[in-house]
1. For region 181-204, how many residues meet the condition of being more than 10 Å from the ligand (Cβ to nearest atom) and free of Cβ contacts under 8 Å to residues at least 60 places away in the same chain?
2. Suppose we filter region 148-173 for residues that are modelled with pLDDT under 70, part of a helix (DSSP H, G or I) and in contact with a Phe, Trp or Tyr (Cβ under 8 Å, 6 or more places away or on another chain); how many remain?
3. Condition first: within 15 Å of the ligand (Cβ to nearest atom) and within 19 Å of P253 (Cβ to Cβ). Now tell me which residues in region 92-117 satisfy that.
4. Within region 86-127, restricting attention to residues that are under 19 Å from D192 (Cα atoms) and open to solvent by 10 Å² or more (accessible area, probe 1.4 Å), which residue is nearest to the chain's Cα centre (by Cα)?
5. Within region 214-247, which residues are within 16 Å of the ligand (Cβ to nearest atom), closer than 24 Å to L98 by Cβ and modelled with pLDDT of 80 or more?
6. Checking the conditions here, which among R77, R3, R69 is at pLDDT 95 or above, open to solvent by 20 Å² or more (accessible area, probe 1.4 Å) and under 22 Å from L127 (Cβ atoms)?
7. Just one of the numbered conditions (1) among the aromatic types (F, W, Y); (2) open to solvent by 40 Å² or more (accessible area, probe 1.4 Å); (3) away from the ligand (no atom under 15 Å from the Cβ) is not true of Y139; which one?
8. When you scan region 70-93, how many residues do you find that are more than 21 Å from A136 (Cα to Cα) and either in contact with a Pro (Cβ under 9 Å, 6 or more places away or on another chain) or aromatic (F, W, Y) (or both)?
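The values are calculated or read from the model by the stated rules, or taken from the named source; none is laboratory data. Here the structure is a predicted model, which means the values were calculated and not measured. Virtual Cβ from ideal backbone geometry, glycine too; neighbours counted across all protein chains shown. Note: areas computed on protein heavy atoms with side chains; ligands, DNA, RNA excluded. Shrake-Rupley method; radii C 1.70, N 1.55, O 1.52, S 1.80 Å.
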Amino acid sequence: MKRISKLGLSIIVSAAISPTAFCGADAFRPSPEQQVKLGKRVADALRKQEHVLPASDPRVKTLRRVARRILATFDERDAVWEYSFDVIDSKEVNAFALPGGSTFFFTGLLDRIKTEDELAGVLGHELTHVRKQHWAYAYADSERRNLGLTVLLMAVRANSNIANLAGLTNEVVFDLPFSRKHETEADDGGFDASIAAGYNPEGLADTFEMLRQVVKDGAPPEFFSDHPDDKNRIKRIEDKISASGRNFPAQVPIDY
Ligand SMILES: [Zn+2]
């Protein structure tokens, strides 16, 4: 997600979200409701500032159709998230989900995706970042580092949610890196979501192979700034496919 800043997004997200009682959870971690509110603000700004393709565009239709198929496999625990799916017209080879569920794909990535199964794998990966609240955990970690132990202990004693999103800039949303652990978890989520929705999880591995080729060809590898080029990652997915002992349906070509 880091590279989005180069698109010129310069808004300040002044989400005036007052602290609320938040018993039993990490006091530094924004609540799901806060994540949705913040993500929607950034998404609205993006839609104003970037060239977002209309709903009639075949790429938007395909993205939303595959996304619906995946969302249909989620249960009621997912009701807290407010998903949306948009396509930004840009050569950037990337996709990202904002906290709370607003998801954006760039045409630079979509135009290289050849099957619905590949698309499902990337969607499943990004939606896992949302569902597992990876941004909120990364935010809480950085706040703990910034504020130090004294404040942490005070917060724990007060047992209140001190996540303060007022004045957050877009950089805070876009520049918090996901840990390798979260990326692995997102790969697993992409694998599981693909299978649950009736897609072939080979699509996810194929997408990573394609991205490696994009890098070799000299195109900007934005996706790998968040998703490091890692052969082990592809092998891991292949191993999971073998270990499942299952035959998956042939991948469905995307034909715009
Ligand atoms: Zn990721």
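1. The initial filter retains those residues of region 181-204 that are more than 10 Å from the ligand (Cβ to nearest atom), namely 181, 188, 191-204.
From the residues that got through so far, the ones that are free of Cβ contacts under 8 Å to residues at least 60 places away in the same chain too are 181, 195.
The qualifying residues number 2.
2. 3
3. Within region 92-117, F105, L109 qualify.
4. Out of the qualifying residues, it is E118.
5. Answer for region 214-247, where residues must be within 16 Å of the ligand (Cβ to nearest atom), closer than 24 Å to L98 by Cβ and modelled with pLDDT of 80 or more: just R233.
6. Values: R77 fails: at pLDDT 95 or above; R3 fails: at pLDDT 95 or above.
When all the criteria are applied, what remains is R69.
7. (2)
8. Qualifying residue count for the region: 3.
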